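The values are calculated or read from the model by the stated rules, or taken from the named source; none is laboratory data. No experiment lies behind these values; they were computed from the predicted model shown. Ideal geometry is used to build each Cβ from the backbone, glycine not excepted, and the neighbour counts take in all protein chains shown. Areas reflect the complete protein model, heavy atoms only, side chains present, ligands, DNA and RNA absent. Shrake-Rupley method; radii C 1.70, N 1.55, O 1.52, S 1.80 Å.
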Amino acid sequence: MTTLTDPPKAGFRLSQLIYDTRYRSITIQVIAMILVVLGLYWLVNNTIQNLAALGKDFDFGFLSQPAGYDINQRLVEYTSQSTHGSAAFVGILNTLLVAFLGCILATILGVIAGVLRLSKNWIVNKLMAVYVEGFRNVPLLLWIIAIFALMTEGMPQPRDFKVGGDAAMILGESVAVTNRGVYVPGVVLENGWFANPAVNWLVIIGTLIVSLFVIRLIRRRADRIQEATGVRPTTWWQQLALLIVPAGLVLFLMGAAMQYPYIRGFNFTDGIHLRNSLIALWLALSLYTGAFIAEIVRAGILAISKGQSEAAAALGLRPSRTMNLVILPQAMRVIIPPLISQYLNLTKNSSLAIAVGYMDVRSTLGGITINQTGRELEGMLLLGAFYLVLSLLISGVMNVYNNRTQLKER
């Protein structure tokens, strides 16, 4: 309720959108959004006009057309008569394979090298420094080509493994390293439940995932008991049984059997053939990214106060136990954020596979398919969308883990 003595309220003026701090930020955001929308509209409209001038339209129907080319490395069934969509899917699986293997090996190498760089042993310290500086300061493409050339030119030919030859298989006559790749034992499912082998392996992987989930529940229960009573129950045998028994039972029911490679004619047959292109790309990505991860791990360890190590030593813990139980768990809070970036870099750097002929999604969808169909825009949009979604998934999963390892402030 107003009175005669209250000052009159000022009305809204357009000048307030610029000079009034209550409205200025909103004004700037609205103008910026309008400019972005107009820019996107101009870009899309210009693209449509250029495509029309070239007699092209915007269509993804090419994905259902026959591909007409072979893919040398594949995880699922594929022939040259399969569609371009199938070829893209095979390339996606190949990209996921090398990215997954690369992240695992790079993490192992990075953690080991990062810890050893802090070793008091002069030789070990300098050797790790040479590894880190050597791989970080040489372009990744050169390492990929160098390892590929070493595998192709420096390894024996398959015919050398014949009786009386100069080469011999390793690990109990089960693995052959040749200039055509590495041949390792494989597992075949003689009584698979489904006609498609990929579905059978998905069932096995799903069984492992369920087992890991139950193991996690058992660990949480053990943690609650330990917090309540101070005594942690023995659960290792339960966890081991859950990890082995269900998957082993499914493998047994599917008639799983080992298939070893053997020489026949001029080449090896059976088993799993890991091509030189896959090995070169995998090792180069792992060694290169592992050098960066090593520096991240070293920085994370140095970020922990020396008092933590001194307190652990005062309690009688050995240096190795101190590192595993005291230092690294605390250092993970510093290590995880930059580690996410390295995983993303490794995944995107896998597109260099085209240099050694590894058929990833860049070579299939972003290479041969585009050249054959002339759908450059559609192909590159799909390729960019794949890398975007994959990067967001990796970042999201790692951020969830990062949030769990961070200090919880009250």
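Filter the range 272-310 for residues that are surrounded by fewer than 17 Cβ atoms within 10 Å (Cβ to Cβ) and of a type in the set (Gly, Ala, Ser) and give the result.
Scanning the range 272-310 gives 299, 303, 305, 307.
Pick from the range 112-122 the residues that are outside any loop (DSSP other than H, G, I, E, B) and either touching a Gly at 6+ places or on another chain (Cβ under 9 Å) or not hydrophobic (A, V, I, L, M, F, W, C) (or both): which of them is most open to solvent (accessible area, probe 1.4 Å)? Even if it seems obvious, please write down each step before you answer.
Residues of the range 112-122 outside any loop (DSSP other than H, G, I, E, B): 112-116, 122.
When the remaining residues are screened for being either touching a Gly at 6+ places or on another chain (Cβ under 9 Å) or not hydrophobic (A, V, I, L, M, F, W, C) (or both), the result is 112-114.
Numbers: 112: 91, 113: 3, 114: 0 Å².
Here the residue is 112.
Regarding residue 39, is this residue surrounded by 10 or more Cβ atoms within 10 Å (Cβ to Cβ) and either free of Cβ contacts under 8 Å to residues at least 60 places away in the same chain or part of a helix (DSSP H, G or I) (or both)? Give the steps one after another, and end with the answer.
Numbers: surrounded by 10 or more Cβ atoms within 10 Å (Cβ to Cβ): yes; either free of Cβ contacts under 8 Å to residues at least 60 places away in the same chain or part of a helix (DSSP H, G or I) (or both): yes.
It is true that residue 39 is surrounded by 10 or more Cβ atoms within 10 Å (Cβ to Cβ) and either free of Cβ contacts under 8 Å to residues at least 60 places away in the same chain or part of a helix (DSSP H, G or I) (or both).
Please note which strands (runs of 3 or more DSSP E) are completely contained in the range 257-372 and include at least 3 residues that are of a type in the set (Gly, Ala, Ser) and under 17 Å from the mean Cα position of the chain (by Cα).
Numbers: elements: 262-264, 267-269, 272-274.
Passing ranges: none, list empty.
Output yes when any residue across the range 324-341 is at pLDDT below 90, open to solvent by 30 Å² or more (accessible area, probe 1.4 Å) and among the basic types (Lys, Arg), and no when none is.
yes
Looking at the range 86-95, which of the residues that are touching a helix residue (DSSP H, G or I) at 6+ places or on another chain (Cβ under 8 Å) and not hydroxyl-bearing (Ser, Thr, Tyr) is surrounded by the fewest Cβ atoms within 10 Å (Cβ to Cβ)?
As a first pass, look at the range 86-95 and keep what is touching a helix residue (DSSP H, G or I) at 6+ places or on another chain (Cβ under 8 Å): 87-88, 90-92, 94-95.
Retained after the next criterion (residues that are not hydroxyl-bearing (Ser, Thr, Tyr)): 87-88, 90-92, 94.
Values: 87: 28, 88: 21, 90: 24, 91: 29, 92: 18, 94: 27.
Selected residue: 92.
So residue 83 fits all but one of (1) closer than 19 Å to residue 376 by Cβ; (2) β-branched (Val, Ile, Thr); (3) at pLDDT below 90; what number is the exception?
(3)
Which of the residues spanning the range 71-85 are open to solvent by 20 Å² or more (accessible area, probe 1.4 Å) and either farther than 18 Å from residue 274 by Cβ or in contact with a Gly (Cβ under 6 Å, 6 or more places away or on another chain) (or both)?
Within the range 71-85, 77, 79, 80, 81, 82, 83, 85 qualify.
Is at least one residue of the range 207-219 in a helix (DSSP H, G or I), within 26 Å of residue 271 (Cα to Cα), free of Cβ contacts under 8 Å to residues at least 12 places away in the same chain and not polar (S, T, N, Q)?
First, the residues of the range 207-219 that are in a helix (DSSP H, G or I): 207-219.
When the remaining residues are screened for being within 26 Å of residue 271 (Cα to Cα), the result is 207-209.
Remaining after also requiring free of Cβ contacts under 8 Å to residues at least 12 places away in the same chain: 209.
Now restrict to residues that are not polar (S, T, N, Q): 209.
Yes, that holds for at least one residue.
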